[in-house]
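Novice: Let me give you the structure first, and then I'll get to my questions.
The values are calculated or read from the model by the stated rules, or taken from the named source; none is laboratory data. Note that the structure is a prediction, hence the values are computed from the model and not measured. Every residue, glycine as well, gets a Cβ built from its backbone with ideal geometry; the counts of neighbours run over all protein chains shown. Each accessible area value is taken on the protein alone, full model and side chains, heavy atoms only, with ligands, DNA and RNA left out. Shrake-Rupley method; radii C 1.70, N 1.55, O 1.52, S 1.80 Å.
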Amino acid sequence: MKEERKREKVAVIGLGASGDAAARLALRKGAKVHVTDTSSENPVAARGAVLRDLGAEVRLGGHDVEAIAAADTVVASPGIPPGAPVLAALRARGVAWISEPEFACRFIASPLTIVTGTNGKTTTAALCAHLLREAGVDVALGGNIGGGLGPPASTLAAADPVADRIVLEMSSFQLAHIGDLTPDVGVMTNLGVDHMDRYVTVADYHRDKRRLFEAGDENTTWIVNGDDPAVLAMAGDYPGSRLTFSLETAGSPGAYLSAGDLVLDPGGLGGVAGARGPCRVAGVSDVRLLGRHNLANVLAALLAASASGACAATAPAALRSFAPLPHRLEPVGTFGGVLWVNDSKATNVAAAASALGSLDGPIVMLVGGTDKGEDFGGLVSAMGGRVHTVVCYGAAGERAAAEIGVAVGRGVAVRRVAGGFEEVVSAARSAARPGDTVVLAPACSSFDMFPDYRARGDAFRTLAAGGGR
C-alpha cells in the first residue's frame with residue numbers, strides 16, 4: 001500500500017483580505033491550514049467561519065504561538081507590524097515567516113512584473129496592466145493594489161488557468177519577507193519617506209524596498225527613475241538590465257519626455273517597444289491623468305509594458321482609454337465655480353507635495369489624519385505661492401497646523417478644525433472662491449476617522465457634491 005504523502009502545514013497570521021486569500025490558496029493546494037487573528041469581530045469572524053467550513057483550523061481573538069510555530073510555512077499578513085508580540089514570539093523560537101505574495105508566487109509559473117516605490121506604484125501597475133491588456137497580452141493585476149483594482153496575489157495564483165503575465169504592486173511590508181520570488185520585470189517609481197509610524201528610520205523603510213533588487217537575477221529587467229538619485233543608488237549594480245525613465249533628460253536605454261512626446265529608446269536592448277532607436281510612442285495629449293508626476297508614472301508603465309510584451313503601436317489608444325484612478329488626483333466635480341480634487345491616497349508628505357505641483361492655483365488644501373511622524377513643513381516649498389488656505393484636521397491636525405504655520409509665514413491662512421470631516425469640508429468650502437481648487441491631499445493615513453483612504457475619499461466626494469451646487 002502506497003504511503004500517503006505528508007500534507008504541508010501552513011499557518012496564516014492575520015485574516016484581512018490577503019490572509020484570507022493565502023488561506024484559501026493553501027487549502028486549494030491541499031495543505032493543512034491554521035488561521036489566526038487577534039480580532040474576533042466582523043468581517044474577520046465572517047471570513048473565519050467560511051474558512052472553517054472549507055477545512056481550516058481557525059483561531060480568533062488571540063494567537064496560539066505553538067500551533068503557528070509547528071507549521072511548515074508561516075505566512076504573515078502585511079498589516080501586522082514587525083514588533084507585534086506574535087512575531088516577536090516566533091522570532092525568539094527561530095521561526096521565520098514569509099509575505100503573502102511570496103507564498104502565492106510559489107504557485108505562479110508566469111513571468112512577474114513587480115511594481116513598488118513610495119508614490120505612484122498603483123497608477124503605474126494599473127496602467128502597465130492596461131497597456132498589456134490592450135496589446136492583447138493575457139495579463140492579471142493584483143497584489144497590494146486593492147480598492148477593487150485587483151485581488152491579492154494568492155487569488156491570482158488560485159486561478160485556473162493562471163494568466164500568462166502577472167503584474168503585482170507590492171508594498172515595503174510585503175517586500176520585507178520575500179525569499180524565492182523573482183521578478184521578470186521590476187519597477188521602482190521613486191523613493192521618499194513613508195510609514196514612519198511603523199519604521200524606526202527612513203533607512204529601515206528603504207531596506208525593505210531594496211528587497212526588490214535583491215530578489216532579481218541576471219534575467220530581470222529593471223525600470224528605474226532616472227530623476228531620483230535615491231532610486232539610482234539603490235539599484236546599484238544588482239544583476240539584470242536597466243531601463244530608466246526621466247522627465248528631465250533624454251537617455252538611452254529608457255523612456256523620456258521630449259517636446260510633448262513620450263519617447264522610448266531601447267538603446268542596445270532589442271525588443272523594447274519593437275524599436276531599434278528612439279521611437280515616439282504617444283503624445284502628452286493622449287494622457288488623461290492630471291499632473292506632471294503622472295507623466296513619470298506613464299513613462300515607467302510604458303517601459304514596463306514594453307519589456308513585458310506589449311507593442312508600442314497600441315499605446316496611444318490605450319493611454320486615451322485609461323481613466324484617472326479613484327482617490328489619486330481624481331477630479332470629482334466643479335461646484336459653485338470651485339474645482340474639487342480627491343487625492344485621498346496622498347498619505348505622505350511627498351505624495352501631497354506632488355499633488356500641489358500638479359494643480360494650478362489658487363488652492364485650498366486639506367491636510368490631516370493619523371500622524372505618521374513626518375515633517376509637515378516639507379509641504380511648504382510645494383505650495384509655490386498658490387495655496388492660500390490650509391485646513392488642518394484630525395489626530396495630526398494640531399501638529400500639522402503648527403509646523404506649516406511656522407514654515408509658511410504670512411500670506412497663507414492655516415486653520416485648525418477640531419470637528420468631524422463634515423466640518424472640515426465645510427471649512428474648506430467657506431475658504432474657497434470661484435476659480436479656486438479644493439484638494440484633499442492629507443499627507444496622513446486615514447485611520448483616526450475612517451477605515452481606509454478609500455472611505456475618506458468617498459466621504460470627500462459626497463460632501464463636495466452635496467454642498468457646492
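Novice: Please find, among Val287, Val263, Val298, the residue that is in contact (Cβ under 8 Å) with a residue 60 or more places away in the chain and either closer than 24 Å to Arg133 by Cα or open to solvent by 20 Å² or more (accessible area, probe 1.4 Å) (or both).
Specialist: Val298
Novice: Continuing with this model, one more query. Output yes when any residue across region 162-185 is more than 18 Å from the chain's Cα centre (by Cα), part of a loop (DSSP other than H, G, I, E, B) and at positive phi, and no when none is.
Specialist: Our first condition is that a residue be more than 18 Å from the chain's Cα centre (by Cα); within region 162-185, this holds for 162-165, 179-182, 184.
If we keep only those that are part of a loop (DSSP other than H, G, I, E, B) as well, we get 162-164, 179-182, 184.
From what's left, at positive phi: none.
No: region 162-185 contains no residue that is more than 18 Å from the chain's Cα centre (by Cα), part of a loop (DSSP other than H, G, I, E, B) and at positive phi.
Novice: Sticking with this one: Would you check if there is a residue in region 189-211 being open to solvent by less than 40 Å² (accessible area, probe 1.4 Å), small (Gly, Ala, Ser) and modelled with pLDDT of 95 or more?
Specialist: Looking for residues that are open to solvent by less than 40 Å² (accessible area, probe 1.4 Å), small (Gly, Ala, Ser) and modelled with pLDDT of 95 or more, one finds none in region 189-211, hence no.
Novice: Of everything in region 212-230, what is surrounded by 18 or more Cβ atoms within 10 Å (Cβ to Cβ), out of contact with any helix residue (DSSP H, G or I) (no Cβ under 8 Å at 6 or more places or on another chain) and under 19 Å from Ala305 (Cβ atoms)? Give them in sequence order.
Specialist: Across region 212-230, the qualifying residues are Gly216, Thr220.
Novice: Do we find that Asp194 is outside any helix (DSSP H, G or I) and either under 21 Å from Ala125 (Cβ atoms) or among the polar types (S, T, N, Q) (or both) in this structure?
Specialist: For Asp194, the condition - outside any helix (DSSP H, G or I) and either under 21 Å from Ala125 (Cβ atoms) or among the polar types (S, T, N, Q) (or both) - is met.
Novice: Restricting the search to region 197-229, which residues are more than 20 Å from Thr122 (Cα to Cα) and not charged (D, E, K, R)?
Specialist: Matches in region 197-229: Tyr199, Val200, Thr201, Val202, Ala203, Ala215, Gly216, Asn219, Thr220, Pro229.
Novice: Sticking with this one: Any residue at all in region 416-429 that's aromatic (Phe, Trp, Tyr) and within 22 Å of Gly357 (Cα to Cα)?
Specialist: no
Novice: Just need a number here: residues in region 349-371 that are out of contact with any Leu (no Cβ under 8 Å at 6 or more places or on another chain), of a type outside the set (Ser, Thr, Tyr) and under 20 Å from Ala459 (Cβ atoms).
Specialist: 5
Novice: Go through (1) under 24 Å from Leu212 (Cα atoms); (2) open to solvent by 30 Å² or more (accessible area, probe 1.4 Å) one by one and return the number of the condition Ala92 breaks.
Specialist: (1)
Novice: Another question, then. For region 15-30, name all the residues that are in contact with a strand residue (DSSP E or B) (Cβ under 7 Å, 6 or more places away or on another chain) and open to solvent by 10 Å² or more (accessible area, probe 1.4 Å). Even if it seems obvious, please write down each step before you answer.
Specialist: Narrowing region 15-30 to residues in contact with a strand residue (DSSP E or B) (Cβ under 7 Å, 6 or more places away or on another chain): 15, 19, 22-23, 26-27.
Correct list: Leu27 only.
Novice: Looking at (1) open to solvent by less than 30 Å² (accessible area, probe 1.4 Å); (2) small (Gly, Ala, Ser); (3) assigned to a loop (DSSP other than H, G, I, E, B), find the lone condition where Gly147 falls short.
Specialist: Evaluating Gly147 over (1) open to solvent by less than 30 Å² (accessible area, probe 1.4 Å); (2) small (Gly, Ala, Ser); (3) assigned to a loop (DSSP other than H, G, I, E, B) leaves (1) as the failure.
Novice: Under 30 Å from Ala323 (Cβ atoms), among the small types (Gly, Ala, Ser), surrounded by 15 or more Cβ atoms within 10 Å (Cβ to Cβ) and at pLDDT below 95: does that describe Ala275? Show your work before the answer.
Specialist: Details: under 30 Å from Ala323 (Cβ atoms): yes; among the small types (Gly, Ala, Ser): yes; surrounded by 15 or more Cβ atoms within 10 Å (Cβ to Cβ): yes; at pLDDT below 95: yes.
Answer is yes for this residue.
Novice: Using beta carbons and a limit of 8 Å, which pairs, at least six apart or on different chains, have the first residue in region 381-410 and at positive phi and the second one assigned to a strand (DSSP E or B)?
Specialist: Pairs that qualify, where the first residue is at positive phi and the partner is assigned to a strand (DSSP E or B), are Gly394/Gly368; Gly394/Thr370.
Novice: If a residue has to be in contact with a helix residue (DSSP H, G or I) (Cβ under 6 Å, 6 or more places away or on another chain) and in a loop (DSSP other than H, G, I, E, B) to count, how many in region 312-324 make the cut?
Specialist: 1
Novice: Hey, any hits in region 232-246 for a residue that's farther than 30 Å from Asp371 by Cβ, open to solvent by 40 Å² or more (accessible area, probe 1.4 Å) and of a type in the set (Lys, Arg)?
Specialist: Yes: one or more hits.
Novice: Give region 247-257 a look and list any residue that's open to solvent by less than 50 Å² (accessible area, probe 1.4 Å) and either of a type in the set (A, V, I, L, M, F, W, C) or assigned to a strand (DSSP E or B) (or both), or say none.
Specialist: Leu247, Gly254, Ala255, Tyr256, Leu257
Novice: I'd like the residue in region 103-132 that is farther than 27 Å from Ala346 by Cα and part of a helix (DSSP H, G or I) and, out of all such residues, is most open to solvent (accessible area, probe 1.4 Å).
Specialist: Cys105
Novice: A further question on this structure: If a residue counts only when it is under 23 Å from Thr123 (Cβ atoms) and either open to solvent by 30 Å² or more (accessible area, probe 1.4 Å) or of a type in the set (Phe, Trp, Tyr) (or both), which helices (runs of 4 or more DSSP H) contained entirely in region 325-435 have at least 3 such residues?
Specialist: Once the helices (runs of 4 or more DSSP H) in region 325-435 are filtered for at least 3 residues that are under 23 Å from Thr123 (Cβ atoms) and either open to solvent by 30 Å² or more (accessible area, probe 1.4 Å) or of a type in the set (Phe, Trp, Tyr) (or both), what remains is 349-357.
Novice: Quick one: which residue in Asp138, Asp184 is in contact with a Pro (Cβ under 8 Å, 6 or more places away or on another chain) and either hydrophobic (A, V, I, L, M, F, W, C) or farther than 23 Å from Lys345 by Cβ (or both)?
Specialist: Asp184
Novice: Have a look at Ser446, Ser430 and point out the one that is hydroxyl-bearing (Ser, Thr, Tyr) and without any contact (Cβ under 8 Å) to a residue 40 or more places away in the chain.
Specialist: Just a single option satisfies the conditions, and that option is Ser430.
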